[in-house]
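See structure below.
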Amino acid sequence: ETGVTQTPRHLVMGMTNKKSLKCEQHLGHNAMYWYKQSAKKPLELMFVYSLEERVENNSVPSRFSPECPNSSHLFLHLHTLQPEDSALYLCASSQARAGEYTDTQYFGPGTRLTVL
Amino acid sequence: QKEVEQDPGPLSVPEGAIVSLNCTYSNSAFQYFMWYRQYSRKGPELLMYTYSSGNKEDGRFTAQVDKSSKYISLFIRDSQPSDSATYLCAMSATWNYGGSQGNLIFGKGTKLSVKP
């Protein structure tokens, strides 16, 4: 496996279900991200993890819960979602180094989530 | 006013045409400007990045930043059917060491179709 992988690629769940999205990066990066991509809306950053800290967007509902057990794996735990949460959920990773002004993010293919 | 404005298109051009994609923004603190390309059913991939104002060229692609007008552009010369994708502009004010991402703000994306 190379790059950033995400599983599952497609997920259909009811509003009372609990499911998890998985992301794995094979690039040796030190930061990982969850984004939400909805139709006709910009990419929305949900969560960021680095070796040093977790940055959380306060506007993300608590029904989304991230977990980063190590620098290569990232999960997004989902429970009691709403139909408006249906979207493409993208994982990304990056390697930030002091003195460099770019932090190129590499994206996975995404999980297409449908909440019924 | 939204932080980043991008015409969603769709934009359809014949093969060989010069394509101009644009974004405007309101936050004068933005210093880092990126263009991502997203093929159908794939995650975004970084195409080009620019720091501050000026031009950057990479093959058939040229990125321009005009900070005085808060306007960025991506030009594609000799467009090919393989360029058909959604192009996302993204920008941020800072990059923090340690992988903690500052706010990377995306446009909605412009869907481009290059007809053979």
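Among the conditions (1) under 14 Å from A:S94 (Cα atoms); (2) buried (at least 17 other Cβ atoms within 10 Å of the Cβ), A:L76 misses just one, which is (1).
Residue-wise test of (1) at pLDDT 95 or above; (2) of a type in the set (A, V, I, L, M, F, W, C); (3) within 11 Å of the chain's Cα centre (by Cα); (4) in a strand (DSSP E or B).
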position	(1), (2), (3), (4)
A:P69	no, no, no, yes
A:H77	yes, no, yes, yes
A:L81	no, yes, no, no
A:Y89	yes, no, yes, yes
A:S93	no, no, yes, yes
A:R97	no, no, no, no
A:E100	no, no, no, no
A:D103	no, no, no, no
A:R112	yes, no, no, yes
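Looking across segment A:8-42 at every residue that is at pLDDT 90 or above and among the hydrophobic types (A, V, I, L, M, F, W, C), the one that is surrounded by the most Cβ atoms within 10 Å (Cβ to Cβ) is identified as A:C23.
Identify the residue in segment B:35-84 that is at positive phi and not polar (S, T, N, Q) and, among all such residues, is surrounded by the most Cβ atoms within 10 Å (Cβ to Cβ). So, considering only residues that are at positive phi and not polar (S, T, N, Q), the one surrounded by the most Cβ atoms within 10 Å (Cβ to Cβ) is B:K70.
Residues that are within 10 Å of chain A (Cβ to nearest Cβ) and not acidic (D, E): list the strands (runs of 3 or more DSSP E) wholly contained in segment B:7-116 that include at least 1 such residues.
In segment B:7-116, B:32-38, B:45-51, B:85-92 are the strands (runs of 3 or more DSSP E) which contain 1 or more residues that are within 10 Å of chain A (Cβ to nearest Cβ) and not acidic (D, E).
Look at segment B:64-92: where a residue is without any contact (Cβ under 8 Å) to a residue 24 or more places away in the chain and a partner is among the charged types (D, E, K, R), sitting 6+ places away or on another chain with Cβ atoms under 9 Å, you get B:Q64/B:K56.
The values are calculated or read from the model by the stated rules, or taken from the named source; none is laboratory data. What you are looking at is a predicted structure, and each value in this text was computed from that prediction instead of being measured. Positions of Cβ are generated from backbone atoms using ideal geometry, with glycine treated the same way; all protein chains shown enter the neighbour counts.
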